[in-house]
1. Taking into account only those residues within the stretch 22-71 that are aromatic (Phe, Trp, Tyr) and under 23 Å from Leu207 (Cβ atoms), which is least open to solvent (accessible area, probe 1.4 Å)?
2. Only residues that are of a type in the set (A, V, I, L, M, F, W, C), open to solvent by 50 Å² or more (accessible area, probe 1.4 Å) and over 15 Å from Val85 (Cα atoms): list them for the stretch 176-207, please.
3. Let me confirm something: among Ile149, Ile173, which residue is within 30 Å of Ala254 (Cα to Cα), open to solvent by 10 Å² or more (accessible area, probe 1.4 Å) and at pLDDT 90 or above?
4. Say we look at the stretch 313-325 and pick out the residues that are in contact (Cβ under 8 Å) with a residue 60 or more places away in the chain and of a type in the set (A, V, I, L, M, F, W, C); which of these is surrounded by the most Cβ atoms within 10 Å (Cβ to Cβ)?
5. Out of curiosity, is Ser366 within 29 Å of Asn248 (Cα to Cα), open to solvent by 10 Å² or more (accessible area, probe 1.4 Å) and not in a helix (DSSP H, G or I)?
6. In the stretch 209-253, what count of residues is obtained for those that are open to solvent by 50 Å² or more (accessible area, probe 1.4 Å), part of a helix (DSSP H, G or I) and either out of contact with any helix residue (DSSP H, G or I) (no Cβ under 7 Å at 6 or more places or on another chain) or at positive phi (or both)?
7. Is it the case that Val85 is at pLDDT 95 or above and either surrounded by fewer than 18 Cβ atoms within 10 Å (Cβ to Cβ) or under 18 Å from Leu130 (Cβ atoms) (or both)?
8. Can you list residue pairs whose Cβ atoms sit under 8 Å apart, with the first residue in the stretch 16-28 being hydrophobic (A, V, I, L, M, F, W, C) and the second being open to solvent by 10 Å² or more (accessible area, probe 1.4 Å) and at pLDDT 95 or above? Count only pairs 6 or more apart in sequence or on different chains.
Amino acid sequence: MSAVSSTHHQKLTPIVLWVMTLATGLVVANIYYNQPLLGDIATSFHISNGEAGQLAMFTQIGYATGLLFIIPLADMFKRKRLMLVDFAFVVASLLLAASAQQVWVLALSSFFIGLTSVIPQILVAMGAHLANPQERGKKIGFIMSGLLIGILLSRTVSGFVGEHLGWRAMFYIAAGLMLVMWLLIALVVPEVEPDYKGSYSSLMQSLVSITRQEPKLRLAAFRGALCFACFSAFWTTLVFLLREPPFNQGSAVAGAFGLIGAFGALAASFIGRLSDKADTNRLITYTLILVLASFVLFAVFSHSLAGLVVGVILMDMGVQATHISNQAIIFSLNANARNRINTVYMVSYFVGGSAGTFLAAKMWGSYHWTGVCAIGITLSAIALIVHLLSLLKKDR
C-alpha cells in the first residue's frame, strides 16, 4: 500500500481533534505573549515604547520565516516526527527569551520563538487531511477556534502574569507548557506519511508554481495579509493607548481585552460550518465589512472603554471569520500540496502582520492612536474593494 493511501485510513477521532486543537492554541500563544508585556519590557531595558514594539515585529517575521522554510517539510517528512523535533527548539527559544539580559538577545530569541512556533499550521493541514471531505470546514473551524482563542487568551494570561510575576515568568511558564504538549502529541496524535517524494529544492520551487496556478490562493493570501495587518496594528499598540489618560491602565487590563476578543474568535467554529454550505466568497464580504467597521469605532470612541470593547469583538470576529473562510477555500484546491498551499497563504498572512506591527509602531510615534486607526481603515477598505472587484469579475 502506498504512503499516500495509507494515511486515508487514519481517523480524526474526538480525542485526536481535541489534542490538536489544544496544541494549536498553546503553541501559537507563544507568538503573542510579549504584546501586553511590551510596556514592562520597555521599562526593564530602558527603551522607548516604539523600540519595544519592534520585538513583536521580530516574532512575526520569525513566524513568517518558519512558515516559508519549515512548513513545506510537512509534505516531505513524517509530520508527527517533524513536530516533536520542532518542540525542542520552541522550548530552547522560550528559555532564551526568559533569561535575556540584553535587548538584542531578547530580539533574537523573539525571532526564534516565531520561527519555531509553526506547529499549529502543520496541525491545521493535518486536520484537513484526516477529516471527511463533507466535514472539512467544520473540523478546520474547530481546530482554528482553539488556535484563535489561544492567540487572544495569550494576551490575557501574559498580562496577568506580567502584572504579578514579571514579564520573564511568562516565558518560563510557556516553556513548561510546551513540554506537556510534546508529550500529548507523542502519545495521541497519529503519524501522517509524506506525499511529496522530490528534493527540498524542488519542493521550495513548487511554491512559486502553485501560487501561479491558483488564483483563489493569491486572492485569499492578499485578503488575509491585509486583515492580519489590521489585527496586528491594533494589538501591538493597544497597551500603549491604555497606559495613557483617560485609562491609565497596565498590562493586566491590556491582556483582559484578549478575553473580550475571544468572544469574536468563538465564531470561528460557526463560520467553519457555514463555509461547508454557504457561498464562502459572499460570506467574506460581510466579514471584511466587520473589520472596517471596527476601526471606525476605534477612531470615534478612542476615549471610551465601551467603544473599544465593541470594536474588539467586531474586529476579532471579522478577522478570524475571514481567515477561516480563506482556509476553507485554499484547502479545497490541491489535496497533495496542502502544506505548501498553507505555506503560501500563511507566509503572506504573517508578512502582512509584520507590516501592520511595523506601521503601527511608526505611526504611534508620530500620530498616536489616530495613525493606528488610519492604518486599519485604509487596509481593511483596500481588502474589501479588491474582494468586491473579484466577485464582479467572477459574475461576468
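1. Only one residue fits best here, namely Tyr63.
2. Result: Leu177, single match.
3. Ile173
4. By that ranking, first place goes to Ile324.
5. No; evaluated as a whole, the condition is false for this residue.
6. Count: 3.
7. So Val85 fits the description; yes.
8. Val19/Leu184; Leu22/Leu184; Ala23/Leu184; Leu26/Leu177
The values are calculated or read from the model by the stated rules, or taken from the named source; none is laboratory data. Because the structure is a prediction, the values reported are computed rather than measured. All Cβ positions, even for glycine, are placed from backbone atoms using ideal geometry, and neighbour counts span all protein chains on display. Areas reflect the complete protein model, heavy atoms only, side chains present, ligands, DNA and RNA absent. Shrake-Rupley method; radii C 1.70, N 1.55, O 1.52, S 1.80 Å.
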